[in-house]
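K.L.:
Take this structure, written in C-alpha cells, and hold onto it; I'll ask about it next.
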Amino acid sequence: MENPNLYVITGGPGSGKTTVLAELERQGFRCAPEVARQIIQEQMRNRGSALPWKDRERFTQLMLAWSIDSYQQHSPAATPIFSDRGIPDSLSYAHLIGLEDKQFLQSACNQYRYASRVFVAPPWEQIYETDNERKQDFDEAVRTWRQISQTYQECGYTLVELPKTAPKLRAEFILAHLKP
C-alpha cells in the first residue's frame with residue numbers, strides 16, 4: 001500500500017513533533033496522533049506491562065499493530081495528512097532495544113509506504129522535557145534520533161530536517177516542502 005499524502009513527522013523524543021502537529025491541526029490539516037504515547041497511557045491506566053520500561057518486546061508489537069491501524073485509518077488520503085511518527089519508528093525502536101527478530105517489522109515497513117519525504121525533528125536540548133510517558137534522558141533522545149534517521153533512510157525515504165524554530169515557522173517549512 002502506498003499513501004503519498006500521508007506525511008510522517010518523526011524524530012527523537014522531546015524534539016517538538018507534537019507541538020508542530022498541533023500547529024498544523026490549528027491550520028486545518030488532519031493529523032494522526034503518536035501511537036506510542038497512546039499505548040503508554042492505556043497501559044498505565046490499565047496497569048498493563050507493555051511499557052518501554054517493563055515489557056519492551058510487547059510494547060514494540062503493540063506499537064507496530066497500532067501504527068498499521070493508524071495507517072489504514074488514514075488511507076487513502078486525498079489531501080495531506082500528517083502522522084506523528086510512522087511504522088518505521090517501530091523498527092527503529094526494535095533496533096534500539098536489541099530485539100532479535102525484526103523481520104515482521106521490516107515487512108510492515110515495506111508493505112505500508114508513506115509519502116517519500118519524511119520530516120525529522122532534530123534533538124533540541126533547549127525544549128527537551130521528560131514527563132510521565134517520556135522518561136528518556138537527552139542522550140537517549142539523541143541516540144533515538146540517530147536510529148530513526150538511519151532506519152527511515154534504509155527504508156528508502158528522503159529525510160527533511162526541521163529547523164529549530166517556532167512551531168508556526170516549522171509548520172510553514174513543512175508545507176513549503178510537501179512536494180518537489
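The values are calculated or read from the model by the stated rules, or taken from the named source; none is laboratory data. Quantities reported herein were computed from a predicted structural model and do not represent experimental measurements. Positions of Cβ are backbone-derived with ideal geometry, glycine not excepted, and every protein chain shown enters the neighbour counts.
K.L.:
Can you report the number of residues in region 65-98 which are touching a Leu at 6+ places or on another chain (Cβ under 6 Å) and either under 11 Å from Tyr112 (Cα atoms) or acidic (Asp, Glu) (or both)?
P.N.:
Residues meeting the conditions: 1.
K.L.:
How many of the residues in region 30-52 are in contact with a Ser or Thr (Cβ under 9 Å, 6 or more places away or on another chain) and among the β-branched types (Val, Ile, Thr)?
P.N.:
The total comes to 1.
K.L.:
Something else about it: Could you please tell me which pairs satisfy a Cβ distance under 6 Å, a separation of 6+ or placement on different chains, a first residue in region 156-180 that is exposed (fewer than 14 other Cβ atoms within 10 Å of the Cβ) and assigned to a strand (DSSP E or B), and a second residue that is at pLDDT 95 or above and of a type in the set (Lys, Arg)?
P.N.:
Thr158/Arg117
K.L.:
Let me spell it out: the conditions are (1) closer than 27 Å to Ala176 by Cα; (2) out of contact with any helix residue (DSSP H, G or I) (no Cβ under 6 Å at 6 or more places or on another chain); (3) modelled with pLDDT of 85 or more, and Ile127 meets all of them except one. Which number is the exception?
P.N.:
(3)
K.L.:
Could you check, for region 133-155, whether at least one of its residues is touching a Lys or Arg at 6+ places or on another chain (Cβ under 6 Å) and modelled with pLDDT under 95?
P.N.:
Taking every residue of region 133-155 in turn, at least one turns out to be touching a Lys or Arg at 6+ places or on another chain (Cβ under 6 Å) and modelled with pLDDT under 95.
K.L.:
State the number of residues belonging to region 67-116 that are farther than 19 Å from Glu2 by Cβ and within 12 Å of the chain's Cα centre (by Cα).
P.N.:
The qualifying residues number 3.
K.L.:
How do the pairs read when you match residues in region 66-85 that are touching a residue at least 40 places away in the same chain (Cβ under 8 Å) and surrounded by fewer than 22 Cβ atoms within 10 Å (Cβ to Cβ) with residues anywhere that are of a type in the set (Lys, Arg) and not in a helix (DSSP H, G or I), using Cβ under 9 Å and keeping only pairs 6 or more apart or on different chains?
P.N.:
His74/Arg30; Ala77/Arg30; Thr79/Arg30; Pro80/Arg30; Ile81/Arg30
Let's see how each residue does on (1) farther than 18 Å from Phe173 by Cα; (2) of a type in the set (Ser, Thr, Tyr):
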{"residue": "Gly11", "(1), (2)": "no, no"}
{"residue": "Thr18", "(1), (2)": "no, yes"}
{"residue": "Leu51", "(1), (2)": "yes, no"}
{"residue": "Ala65", "(1), (2)": "yes, no"}
{"residue": "Leu96", "(1), (2)": "yes, no"}
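K.L.:
With respect to Ala108, is the statement that it is outside any loop (DSSP other than H, G, I, E, B), at pLDDT 95 or above, of a type in the set (A, V, I, L, M, F, W, C) and on the phi < 0 side of the Ramachandran plot true?
P.N.:
Here the answer is yes, as Ala108 does meet what is asked.
K.L.:
Can you find, within region 1-54, the residue that is nearest to the chain's Cα centre (by Cα) among those that are crowded, with 17+ Cβ neighbours inside 10 Å and of a type in the set (Val, Ile, Thr)?
P.N.:
In this case the residue turns out to be Thr10.
K.L.:
Continuing with this model, one more query. Quick check, is Asp55 of a type in the set (D, E, K, R), farther than 27 Å from Pro163 by Cα and in contact with a Ser or Thr (Cβ under 6 Å, 6 or more places away or on another chain)?
P.N.:
So Asp55 fits the description; yes.
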